[in-house]
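Report on the structure given below.
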Amino acid sequence: MIVAGIDVGSLTAKCVLFEEKVIAYSIAKVTPDLENTAKAVYSDAVKKAGVSAEYIVATGYGRNKVSFANLKVTEITCHAFGAKSIFPSCRTVIDIGGQDSKVIAVENGVKNFVMNDKCAAGTGRFLEVMASALNVDVSKLGELDEKADKPVNISSTCTVFAESEVVSYIAQGEKVENIVAGLHNAIASRIAAMAKRIDLKPDVVLTGGVAKNKGVKRALEEILQIKILVPEEPQIVGAIGAAIVGKNYASRGRKSERF
Amino acid sequence: MLKKMKSNEKMKQLMTNYYMMGFASEHVSWITSGAPVEILYAMDIYPFYPENHSALFGAAKQGTYYAEVAEKLGFSRDLCSYARCDIGCVVSSVNVPNPTFLFACNNICNTVVKWYEVLSRIYKVPLFFLDTPFVRKELKENYIRYVHDQLVEFIDFAEKITGKELSDLKLRKTLQLALKGVKAYKDALLMGRNKPSPLTAFDAFINMAPIVCLRGTEYPINFYEEMKLELEDRVKKGIAAVDDEKIRLLWDNIPIWYRLKWLGEFFASRNTCIVADTYTNAWSWMIVKDKSNVLESLAETYIFIYLNVGIEHMAKAINDLVNIYDVDGVVIHSNRSCKPYSFGQYEIQKMIEVPSVVIEADMVDERVFSEAQIVTRLEAFLEMLK
Ligand SMILES: Nc1ncnc2c1ncn2[C@@H]1O[C@H](COP(=O)(O)OP(=O)(O)OP(=O)(O)O)[C@@H](O)[C@H]1O
Ligand code: SF4
Ligand SMILES: [Mg+2]
């Protein structure tokens, strides 16, 4: 059976067509019309795959707005299943998206989870704000991090205050590379504080769009003193998980819209 | 979809009468929720509860408006929203019984100290402040003596202001009534042990005002006995509060008043029943200790209340409820307003015997509530429990 997993996050929508493995996927920016965003990203994946799905699962913030989905599941459950399917040794998932970050303890499904509070610190949004203050593209942050020799110390946890700290480092003539590495350390310490609330067991898998940033992986490994695995395309892990949850669910012949 | 209890209507009548009584009373004391109200009732002094009043405004979704009024005067947004809403109401001349004096006890928090000082300046009336030592591990004898002596002073204070005398017999009678009321209340709440449960914590929240405001009078005794009968009747007829109850949960902290109905429907539509909570149970634990000395009994009772004890005690209380009500998990409301209630929740979480989830919100201030974030946390938690 071909299943589609659609993850409508706060910043991007992801769709995966899945049979025994990923057949095709698509990523698009979220527009205010979530239903249409989901349709567009689904059509795009179908076009790439040349087949359509028999069963559709929606996840992410916009899941309840996807009226054509057969099932709706939260991204917590989906990231757990997705990461576990890619790395069967996975016991912990750290997902850093655009607006949320979460640490999930995985056993057979979700054992426990913690999420960031309302504040944007510790999420992709934080890095986007800082990148724009530094006038660099977020996709370049990883390379810049590698070239840092003495990361600065960002003491504010609040995004607004941290931005003004960054601005003052720029004014002092600090190297951009060192500011970037300092920001990655700040985000990592924020995530580490969250991770302390649950039992962090190896292997740890990093997912979400921010996982593409090598600097965040570096900083997390340093602060948590643990090796971190990153899937080839970390941004679609939630969508993969959605498809897998859907497969299990449909094969058990269940009908309800909720997990 | 929510099954309304008949008690709700009776409660509304009872509380309307209670508020009317305030306007007709010669002497009114404003009082914090954790202060020994029995002394006031024994002296025929009417107790007015700003916290209850703010909760009412919160449930009516007017709390944020009045909180903003207080903020415009310079009160910080970090201050408890019961306090902000109350101060906002007072300066906006919302009709409330004017105080003859104020009675604040810090067994719930230290916010009430400054809050009541502000009220004292606004109304130009005297304030009596009862200081209860915090019980980190064990309650010591000298704590009881310390509070006992202040109670003696308080009685003197109240007698001088009102010109009335406290009769020892009347105080004992009032304590008896309070004890009976608490017992009736507890028995009604315990109906939540039934599977499926005939009531939800939301029913308990809606119907908690009488035990808070009228404790020490006949009213709560009759009210909660009837409420229990209604619940027994539901059990007999096989009526569950939530259809097809699959998951049973415990709620920790003050309810999110402006979202009571929304949360009730959220859980009910997911076959989940919140069968009990720590907030309403805080009053069910107010069993006045039986000592020969009445004031010592009162002192001990009011020192050892839920928000005035260390987290080991709090965790134990939660685990007791987990076992009594046989729940599958705990929803922990991290309440931006109430620091003593929310502080330590992450530590307590580790000590709870069943899975739990933390949601961040505020009991009265709607600006703090983020629906999408809360839905995701709660749904993920329910998925995890399945
Ligand atoms: N190549 C890249 N390098 C660095 N960061 C990236 C890259 N691509 C995307 N990101 C970051 O990933 C974030 C989006 O991640 P993702 O798509 O997982 O979020 P989302 O699922 O929409 O959000 P959420 O899960 O919080 O609702 C953005 O903040 C973006 O800056
Ligand atoms: S801080 Fe908590 S205990 Fe104190 S008045 Fe506010 S709600 Fe009550
Ligand atoms: Mg996401």
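The values are calculated or read from the model by the stated rules, or taken from the named source; none is laboratory data. Values in this document were obtained by computation on a predicted structure and should not be read as measured data. Positions of Cβ are backbone-derived with ideal geometry, glycine not excepted, and every protein chain shown enters the neighbour counts. These area figures cover heavy atoms from the full protein model, side chains too; ligands, DNA and RNA do not enter into them. Shrake-Rupley method; radii C 1.70, N 1.55, O 1.52, S 1.80 Å.
Cα-Cα pairs above 17 Å in region B:200-310: how many percent? Show your work: numbers first, answer last.
On the way: 3903 of 6105 pairs.
Looking at region B:200-310, the distances longer than 17 Å represent 64 percent of pairs.
For A:184, B:313, what's the largest-to-smallest order of accessible area, 1.4 Å probe?
B:313, A:184
Return P(r) of region A:58-97 (all Cα-Cα pairs; 5 Å bins starting at 0; whole %; ordered from short to long distances).
Computed distribution, short to long bins: 6, 24, 25, 19, 15, 9, 3.
Working with all protein chains in place, sort B:1, B:314, B:351 by solvent-accessible area computed with a 1.4 Å probe, largest first.
Most to least solvent-accessible, the answer reads B:1, B:351, B:314.
Over the C-alpha atoms of the protein assembly as shown, what are the Rg and the largest Cα-to-Cα span, Dmax, in Å?
Every Cα atom of the protein assembly as shown included, Rg and Dmax give 27.7, 90 Å.
In whole Hz and in residue order, list the ³J(HN,Hα) couplings for region B:98-110 that follow from phi through the Karplus curve 6.51 cos²θ - 1.76 cosθ + 1.60, θ = phi - 60°; x for Gly and Pro.
Once rounded to whole Hz, the list reads 5, x, 7, 7, 10, 9, 10, 10, 8, 6, 9, 5, 9.
Region A:181-225 to region B:173-252: how many Å between their Cα centroids?
Value for the Cα centre distance between the two parts: 47 Å.
For chain B, report the translational diffusion coefficient in µm²/s to the nearest whole number, using Stokes-Einstein at 20 °C, 1.002 mPa s, and a Kirkwood Rh over Cα pairs.
My calculation gives 101 µm²/s for D.
Could you put B:311, B:39 in order of accessible surface area, largest first, with the 1.4 Å probe and the full protein assembly present? Please list the in-between numbers first.
On the way: B:311 45, B:39 0 Å².
Of B:311, B:39, the descending order of accessible area is B:311, B:39.
Angle between the Cα long axis of helix A:34-49 and the longest principal axis of chain A, 0 to 90 degrees, nearest 10?
Between helix and principal axis, roughly 70 degrees.
Could you give log10 I(q)/I(0) at q = 0.10, 0.12 Å⁻¹ for chain A, computed by the Debye formula over C-alpha point scatterers of equal weight, without solvent?
The calculated log intensity ratios at q = 0.10, 0.12 Å⁻¹ are -0.48, -0.68.
Nearest 10 degrees is fine. How inclined is helix B:311-325 to the longest principal axis of chain B, computing both from alpha carbons?
Compared with the principal axis, the helix lies near 50 degrees.
Take every residue in peptide B:315-324, count the Cβ atoms of other chains within 10 Å of its Cβ, and give the average of those counts.
For this peptide, the per-residue mean of nearby foreign Cβ atoms is 0.
Just name one of B:65, B:112, B:148: the one whose Cα is farthest towards the positive end of the charge dipole of chain B (beta-carbon charges, Lys/Arg +1, Asp/Glu -1).
Of B:65, B:112, B:148, it is B:65.
Using a 10 Å cut-off around each Cβ of peptide B:245-257, what is the average number of partner chain Cβ atoms that fall inside? Write out the running numbers ahead of the final one.
Working: counts 0, 0, 0, 0, 0, 0, 0, 0, 0, 0, 0, 0, 0.
Per residue, the number of nearby Cβ atoms from other chains is 0 on average.
Give the cross-link partners of residue B:72 among the aspartates and glutamates, using a straight C-alpha distance below 16 Å as the criterion and excluding same-chain residues fewer than 8 apart.
Excluding near neighbours in sequence, the set is B:86, B:365.
Angle, helix A:124-134 long axis vs. longest principal axis of chain A, Cα atoms, 0 to 90°, nearest 10?
Approximately 40 degrees, to the nearest ten.
Roughly how many Å² is the accessible area per residue of the protein assembly as shown, as a whole number, for a 1.4 Å probe?
Value for the protein assembly as shown: 41 Å² per residue.
Could you give me the percent of Cα pairs per 10 Å distance bin for region A:90-230, shortest bin first, beginning at zero and ending with the bin that holds the maximum distance?
Percent of Cα pairs in each bin: 13, 46, 31, 9, 1, 0.
Roughly how crowded by other chains is peptide B:368-377, in terms of the mean Cβ count from those chains within 10 Å of each of its Cβ atoms?
Across the residues of B:368-377, the mean count of other-chain Cβ atoms within 10 Å is 4.
Among DSSP beta bridges lying fully in the protein assembly as shown, give the percent that are antiparallel, nearest 5.
Given both bridge residues lie in the protein assembly as shown, the antiparallel proportion sits at roughly 35 percent.
Grab the DSSP H runs of the protein assembly as shown that are 4 residues or longer, score each as -39,500 (n - 2.57), total them, divide by all residues and round the 222 nm result to the nearest 500 deg cm²/dmol. Show your work: numbers first, answer last.
Details: 26 runs with 312 residues, N = 645.
It comes out at -15000 deg cm²/dmol, rounded to the nearest 500.
If we restrict to alpha carbons, what Rg and Dmax does region B:141-274 come to, in Å?
Just the Cα atoms of region B:141-274 yield Rg and Dmax of 19.6, 59 Å.
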